[in-house]
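Notes follow once the structure below has been shown.
The values are calculated or read from the model by the stated rules, or taken from the named source; none is laboratory data. Quantities reported herein were computed from a predicted structural model and do not represent experimental measurements. Cβ atoms come from the backbone with ideal geometry, glycine included; neighbour counts cover every protein chain shown. For accessibility, only protein heavy atoms count, side chains too; no ligands or nucleic acids. Shrake-Rupley method; radii C 1.70, N 1.55, O 1.52, S 1.80 Å.
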Amino acid sequence: TKIARARITIVDPPRTTTTTTQPPPVVNGIALLRLLPTLSKKGLPAMVNDLYLKFGSVFMVSVFGIKVTILIGPEVTPHFFQGLESEISHGNLLEFTVPMFGEAVGYGRDAATRIEQTRFHIEALRPSRLKNHVYPMIQEVEDYFAKWGNEGIVDLKLEFERLLMLISSRVLLGKEVRETMFDEVYTLFREIENGVTVISFLFPYLPIPANHRRDRARTRLTEILSDVVKSRKNSGRVEEDTLQKLIDSKYKDGRSTTVPEVVGLIIGLLFAGKHTSSHTSTWTGACLLSHPMFLRAAIEEQKQIGRKYKDGLGYDAMLEMDTLHSCIKEALRMHPPTPMLVRKAHKHFTVQTKQGKQYDIPEGHTVASPIVVNNNIPYIYKDPEVYDPDRFGPKRQEDKVGGKFSYTSFSGGRHTCTGEAYAYMQIKVIWSHLLSNFELKLISPFPKTDWSKFLPEPEGTLFVRYKRNGCRAST
Ligand code: HEM
């Protein structure tokens, strides 16, 4: 049985046949004020959904004096996702990352350099490179859960946060950090992460305590990582991790990456990959452990794959875990860690809705596409409020049938997530181990989403009772 959870339900807006281009409908201040109770009680997706129902898939709101055009659904988002950087880009919307990653990378640099640096990320995280990372991931996961007792109660959210950082430090940062400096790096990184708030997003350089703590933490983290990079460069020592790939990266003109660039690039990857994967692992657990039918199917798949790969699971085995993959993908559909994508339109463009209306989006507008609403459109996803991993199975493939940009948890087009394959791999390694080795029971209620966080997460704790397979429960 599928257990429906109380979530937003989106109905298709009425169909019209107008074809003349017009400006997007404007949501005025009064309409926004009327939705404040919805925002405080049900959160951002419910509020944007209400606007979608009323205004359709394209509308404009004014927030803090900034005009934001909202685009919802695959019909109106192709240009948003794949338009040229000169026509639509992040503009200065990611300025808040400069004090986090440093001025040597990303939005501290010009667009051409940034594009080359994105290529370094893409090459360092290529799925083919993942093969080398799977064994270290498995080792890290086995060592971690070996420390659990035969039975007990744990907060999975807390466990995953630490475990994901352990995996990242081994696979991304490398053995120097993992073996001798993990605790300090973990603490510093959390300080930088905690510095990401609505205020730091809007005013990244405001002299407030949170920004000071973030700056102090980055200075120290930069010192530590710079020493690691310099020591490798000086000694000629070469490792198998992602840090090494960034050290070995070269610009088109043959120039090597500098130490501050390598450090900024690796902090950027840590930031992009850690909280997203850790919250997705938690949501996957909450969804699976509250849906017995899918839990049984995922456990059965582990048994089958375990029988096939008797000598131990590796890269190929992980790729065969289609059921687990769908369970994670469905948790991500319903609980995307990045709920809203934003861009700046440098040139006006036109969109056409499913109903045939055409809108002109003016140059200079901030444009946003809410993943939380895109992923719940009922003409693409049947009963979108229901956790149903089978929707991605070979018979239904709802996201493929819905067309390009129907599933946007990893964004799409020009800025699609470079770490998607890596993310699935590490979450599968974790859940494959848990499902194969433990009986798990959810104790906490199904978590709500904490919308007060800049990057929303499962609210509170996620307590589960575990019992190691083959162990008798104590009385
Ligand atoms: C479940 C886990 C993850 C989710 C849901 C996720 C989601 C996203 C999204 C939505 C974007 C696009 C933002 C935009 O269009 O503005 C993005 C970008 C990115 N992600 Fe992920 N991500 C995940 C894990 C990871 C991991 C593990 C890494 C690396 C280790 C990573 C690296 C990146 C990078 C480098 C970008 C920037 C791409 C660009 O701007 O060109 N992500 N991610």
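Peptides 423-431, 248-256 ranked from most to least packed give 423-431, 248-256, packing being the mean of other C-beta atoms within 10 angstrom over each peptide's residues. Under 20 Å from a label point set 7 Å out along the Cα-to-Cβ vector of residue 316, the amide N atoms of the range 130-147 belong to 130-139. Computed about the Cα centre, the dipole magnitude for the chain is approximately 640 debye when only Lys and Arg (+1) and Asp and Glu (-1) carry charge, each at its Cβ.
Membrane-span-like helices of the chain, defined as complete DSSP H segments with a Cα extent of 30 Å or more along the helix axis and a mean Kyte hydropathy of at least 0.0, are identified as 259-289. The alpha carbons of the range 111-261 stretch over 57, 42, 28 Å along the principal axes, in descending order. With R₀ fixed at 56 Å, the C-beta to C-beta distance from residue 21 to residue 234 puts the FRET efficiency at about 0.40. When both the range 286-350 and the range 162-234 are represented by their alpha-carbon centers, they are found 28 Å apart.
Projecting the Cα atoms of 210, 128, 154 onto the charge dipole of the range 89-231, computed from C-beta unit charges around the Cα centre, puts 128 farthest toward the positive end.
Considering only beta bridges that DSSP places wholly inside the chain, some 80 percent are antiparallel. Size descriptors for the chain, from the alpha-carbon set: Rg then Dmax equal 22.8, 73 Å. The length gained by stretching the chain between residue 131 and residue 354 to full extension, at 0.36 nm per residue less their Cα-Cα distance, is 76.1 nm. Restricting the calculation to Cα atoms, every distinct pair contributes to the Kirkwood radius of the range 359-475, found to be 18.1 Å.
Accessible surface area normalised per residue over the chain is 45 Å², counting heavy atoms of protein chains with a 1.4 Å rolling probe. If R0 is 30 Å, the Cβ-Cβ spacing of residue 53 and residue 210 corresponds to a FRET efficiency of close to 0.25.
Taking the 1.4 Å solvent-accessible surface of the chain as the whole, the part contributed by carbon and sulfur is 55%. When the chain is described by a simple charge dipole with +1 on each Lys and Arg Cβ and -1 on each Asp and Glu Cβ, the residue from 304, 49, 336 located farthest towards its positive end is 49. Identify, among 185, 174, 196, the residue whose Cα sits farthest towards the positive end of the charge dipole of the range 131-200, taking +1 on the Cβ of Lys and Arg and -1 on the Cβ of Asp and Glu, with the dipole about the Cα centre. Checking the options against the dipole of the range 131-200, the answer is 174.
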